[in-house]
1. Cα-Cα over 32 Å: which of K115/K181; K181/K213; K181/K291; K223/K291; K96/K213?
2. I'd like to know which of V137, P85, S235 lies farthest towards the positive end of the charge dipole of the chain, counting +1 on Cβ of Lys and Arg and -1 on Cβ of Asp and Glu.
3. So what's the stretch 84-216 giving for Rg/Rh, alpha carbon basis, Kirkwood Rh from the mean inverse pair distance?
4. Mind checking the stretch 1-54 for chymotrypsin sites (Phe, Trp or Tyr not before Pro) that DSSP puts in a loop (not H, G, I, E or B) and that have at most 15 other Cβ atoms within 10 Å?
5. In the stretch 138-283, what percentage of the DSSP-assigned beta bridges are antiparallel, given to the nearest 5?
6. Using unit Cβ charges (K, R positive; D, E negative) and no other charged atoms, how large, in debye to the nearest 20, is the dipole of the stretch 1-156 about its Cα centre?
7. Which of Q309, A276, G99 sits closest to the plus end of the dipole of the chain, meaning its Cα is farthest towards the positive end, when Lys and Arg get +1 and Asp and Glu get -1 on the C-beta?
8. How far is the Cα center of the stretch 233-296 from the Cα center of the stretch 20-43, in Å?
Amino acid sequence: MPPYSLENRLVIGIASSALFDLAESDGVFRKEGEEGYRIYQQANLDNTLQPGVAFSFIRRILSLNDLNPTGDPLVEVIILSRNDPDTGLRVMRSIKSHGLPISRAVFMQGRAPYKFMRALHMSLFLSADEKDVREAVAAGLPAGRVLGSAVADDPEDRDLRIAFDFDGVLASDESERVFQKDGIEGFRAHETLNVANPHDAGPLQDFLREINKLQRREEERRKENKDYTIRVHVSIVTARNAPAHERAILSLNNWGVRVNDAFFLGGIDKGAIMDALRPHIFFDDQESHLKGTSQTTPSVHIPFGVVNQVEGTEDSE
């Protein structure tokens, strides 16, 4: 039998801290250390962990595997965990209890698991561990830190709504650097001057490309069956407005990716839009935006670019 190939699939790595609510477990670890944590997890082996921030997103994206024959999934989700194999047992039992089709895992006993992302062809890694995520992004890997707690989910809703910020997420932070240096007027002048020059790729551009592949598979299914209802919807929600919107749209076209909806807010609070849009996950590079959205929306911080430089580090430009 040939080895199982991850190529031509959307592969997502997820830490148990993003998939499940580990607040109680983390409290035990901080108070009683590794051995106390181990004893706690063994004692609670059959107590199913409750959904975490990224649970609804993961459940929905895995549901799209019904678009392909059994045994040939479009989406593969792999656990990347700092737990050791013994304490990881509770995570795997919880996965089974929730009926999630996740069977592959990497347990690293306190070491950073993101280093296996390239070997596993991953387009995204989600974790609640800020250090792991920052290190992954610094290494050029597509990673994000989940914020807040789990949001109430409607199990009858079969759609998957994904929302992205633009600069520092889908695109590089080139324009953000101009804004930080020259203010809003300098930013607008820069975008107008460079309107025909597509942005360089940001950390999640390839992830959007993979999502677009799922959308094309849905379109094929709808051609085969006119009663099929499209489930995946992608939006960009950005602080840009006219005239800076034009370069963003032209960049998407140049990259060969697409979105269904675009919100060019010009400084309007993103939280209010999220309340109406109700995405199952939202990616943004600025924590100030996510403080509001994470109250009602599963939110992910992408610590990329100038706005996320840790104080005391040198500017790369």
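1. K115/K181; K181/K213; K223/K291
2. P85
3. 1.05
4. In loop regions of the stretch 1-54 (DSSP not H, G, I, E or B), the sparsely surrounded chymotrypsin sites (Phe, Trp or Tyr not before Pro) are Y4.
5. The antiparallel proportion sits near 5 percent.
6. Computed charge dipole of the stretch 1-156: roughly 360 debye.
7. G99
8. 37 Å
The values are calculated or read from the model by the stated rules, or taken from the named source; none is laboratory data. Every value quoted in this text rests on a predicted model; they were computed, and no experiment measured them. For neighbour counting, all protein chains shown are included, and Cβ atoms are generated from backbone atoms with ideal geometry for every residue, glycine included. Only protein heavy atoms, including side chains, enter the accessible area calculation; ligands, DNA and RNA are left aside. Shrake-Rupley method; radii C 1.70, N 1.55, O 1.52, S 1.80 Å.
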